[in-house]
Structures are given as structure tokens and as C-alpha cells.
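*Asks:* Here it is, the structure in full.
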Amino acid sequence: MGEFDGKTVLITGGGSGIGLGTARRLLDAGANVALAGRSAERLAQAAKELGDDDRVLVEPTDVSNMDDLDRLAGAVQERFGGLDGVFVNAGVGFGGRTADMTEADFDRVIGINFKGAFFTVQKALPLLGKGGAVVLNSSWTAHRGMGIGALYGASKAAVLSLTRSLASDLSKEGIRVNTVTPGHIHTEMLDMITGSDEVREIFRSQVAIGRLGAPEDIADAVLFLLSPRSGYITGQELVVDGGLISVDPH
């Protein structure tokens, strides 16, 4: 018997990286998984890698678009009937100096990272019953100011605040809400941001444990927060960063 047998979890940003790693862990634990993401091609590849057509639903979705979110909720309800958990993982990275940012940059980052997070939860609520759990994905940049990360960090700090407010609001429905905060996790997004082995080594040197994180490191934390093992935890942040934020490795 798996810990998530008979349970259904929605993962946004599920086509790669942390989202896909979490989907693998959930399938191994017995769950049905609905994967949403902007790239239909990437989702199709993810479904092929996961390889369980009966327990996997993929739905191309832009979380900043309300029609897409409505369509996603409808597809989940039609296929699985409801939800036991949601991992609000979709996000877009962005780096740039404040003076160079455009309104379009602002709308894109906030639209996906914050607006998308809020409305993903809202649209999922009719499918979540008592005992359901929501996990939102924040970032270490919500805790450490970085000149080129003002917009991205602010969007992820908003997710932390949203977690506490949602935990209060949804406690009336018996739904728990928590945040997982990753540090430097080796994903396609990190490769894009760093651009070279040399820069990745600088990132690795900032981590007290001495290595970049893997998507599975975050996935294990997400499964804990979605499971009954964390049944007395809500409105909290679980930082999974190898000591990046709080420990000087030198």
C-alpha cells in the first residue's frame, strides 16, 4: 500500500524540474497526478517519461489565464472527480536591474508567480475536500535581497504572505496550506540562469551541504506537506536549501 493510494494531486509547472520530480514521487507513492504546464510538448514528454496513462493527466495551462485554469479544473474533475492536494509550482524566473524593467516584464512575472498562484488555489477549491492540502513553491530569494532579483524575489515573498492568509481562510474548510522554499536546485531553469559550469560552481559553493539540490529533495518535502504526516502543520514555510539562507559555508 502506498501512502497516496487513491489520492489525486494537481501539480502546476509539472512538465520538468521540481514539478516533474514531484510527480514521480507521487506516482511511486500511489497517487493519481494531474500535470499542468505552458508547454504542450514538454507535458507530452513528461507523460511519456512517467509512463502510467491510467494515473496521469496532462493539461496545457497558462496559470495567468483564467480560461485555462477553468479548463484545467474541468479536466481534473472529469478524469478524477476531485483533488486531495495541490502543488502550486508554476513559476517564471527573471533577472534584471530595476531601471531596465518594463511593464510587460512586471505583468509576466507577477501574472505567473503570484496571480497564477492565487487563482490556481481558488479554482481548485471546489475540487478539494476536508483534509485537503495545498503546497505553494516560494524561493530563497524571498529572504535575501539581490539587485537583479527585485521583481522575482518580491513575487516569491508575496507567495509566502499568501500562504499564511490562505491557511487562515481555508482552515474553515479543513484545508491546510504551507510553502516549500527551495534553494539552488539543479533544474533546466538553473542551467538557463547560470549558463556555465563556472557559474554553477559559484552557486554550489554558497551551499553549506556542499552540493546543488535535486528536484527530488524538494519533492520529498512536498510529499510530507501534502500527507497526513503533516496534519498539524499549516501556514508554515519549509526551507529546503542545504543551508543557503542561514549557514555560512566558509
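Coordinate-derived values only; no laboratory data. Quick caveat: nothing in here was measured; it's all calculated off a predicted structure. Neighbour counts are summed over all protein chains in view; Cβ atoms, including those assigned to glycine, are modelled from backbone coordinates with ideal geometry.
*Asks:* What dipole magnitude, in Debye to the nearest 20, does the chain give about its Cα centre under +1 on Lys/Arg Cβ and -1 on Asp/Glu Cβ?
*Replies:* For this selection, approximately 580 debye.
*Asks:* Work out the charge dipole of the stretch 133-250 with +1 on the Cβ of Lys and Arg and -1 on the Cβ of Asp and Glu about the Cα centre, then indicate which of I209, I193, L162 is farthest towards its positive end.
*Replies:* It is L162.
*Asks:* By average Cβ neighbour count within 10 Å, what is the ranking of 151-157, 73-79 from highest down?
*Replies:* Top of the packing list down: 151-157, 73-79.
*Asks:* Further, regarding this structure: Taking amide H positions as placed in the peptide plane 1.01 Å from N, state which residues far from N89 in sequence (5 or more) or on other chains have amide H under 5 Å from it.
*Replies:* Residues meeting the amide H criterion: T12.
*Asks:* In a Gaussian network model over the chain where Cα atoms closer than 10 Å are linked, find which of L136, L69, L170 has the largest mean-square fluctuation.
*Replies:* Checking each option, the largest mean-square fluctuation is seen for L170.
*Asks:* Also: Hey, fewest Cβ within 10 Å first, where do L212, L10 land in order?
*Replies:* The most exposed by this proxy come first: L212, L10.
*Asks:* Here's a follow-up. Using the alpha-carbon centroid of each, what span in Å lies between the stretch 192-209 and the stretch 144-174?
*Replies:* 26 Å
*Asks:* In nm, to one decimal, how far is the Q122 label point from the I202 one, both placed 7 Å along Cα→Cβ?
*Replies:* 4.0 nm
*Asks:* Could you calculate the FRET efficiency of A44 with I233 from 1/(1 + (r/R0)^6), where r is the beta carbon distance between them and R0 is 30 Å, rounded to 0.05?
*Replies:* Between A44 and I233 the formula returns 0.25.
*Asks:* Any idea how far the Cα center of the stretch 218-232 sits from the one of the stretch 116-132, in Å?
*Replies:* About 17 Å separates the Cα centre of the stretch 218-232 from the one of the stretch 116-132.
*Asks:* Apply 1/(1 + (r/R0)^6) to the Cβ-Cβ distance of A99 and D28, taking R0 = 45 Å, and write down the FRET efficiency to the nearest 0.05.
*Replies:* 0.45
*Asks:* A further question on this structure: Do you know the Lys pair count in the chain for C-alpha distances under 29 Å, with sequence separation 8 or more or different chains?
*Replies:* Qualifying lysine pairs in the chain: 16.
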